[in-house]
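These notes are about the structure you will find just below.
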Amino acid sequence: MGDSAIQNRAAKAREIASSPNNFQVCEGCDSIVGAQVAICPNCHSYRFDTSAPRVIEQALVLGSREQQSVTAADLQ
């Protein structure tokens with residue numbers, strides 16, 4: 001993953017952290033998904049942490065490193 005990809009992740013993390021009520025953290029795989037999602041598109045879990053502090057914390061963690069998880073888009 002190049003520097004531009006990491007910069008894109010950091011920018012997306014800042015966007016998520018600035019509006020955490022629009023997102024939630026999947027308790028199955030720690031992915032961040034939209035607040036309206038009922039089933040995680042990555043692991044198919046249906047349990048989410050909707051608290052703003054948790055969303056902000058996870059966004060900053062994910063935005064500071066390269067992608068490590070496999071997403072549905074990676075499998076297509």
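The values are calculated or read from the model by the stated rules, or taken from the named source; none is laboratory data. Bear in mind the structure is a predicted one, so any value in this text is a computation, not a measurement. Cβ sites come from the backbone with ideal geometry, for glycine too, and all protein chains shown count toward neighbours.
So is SER4 outside any loop (DSSP other than H, G, I, E, B) and hydroxyl-bearing (Ser, Thr, Tyr) or not?
Values: outside any loop (DSSP other than H, G, I, E, B): yes; hydroxyl-bearing (Ser, Thr, Tyr): yes.
Yes: the conditions hold for SER4.
With the requirement that a residue be at pLDDT below 95, part of a loop (DSSP other than H, G, I, E, B) and exposed (fewer than 13 other Cβ atoms within 10 Å of the Cβ), what does the range 45-75 give you?
The answer is SER64, ARG65, GLU66, GLN67, GLN68, SER69, VAL70.
For the range 1-44: of the residues being at pLDDT 95 or above and among the polar types (S, T, N, Q), which is surrounded by the most Cβ atoms within 10 Å (Cβ to Cβ)?
GLN24
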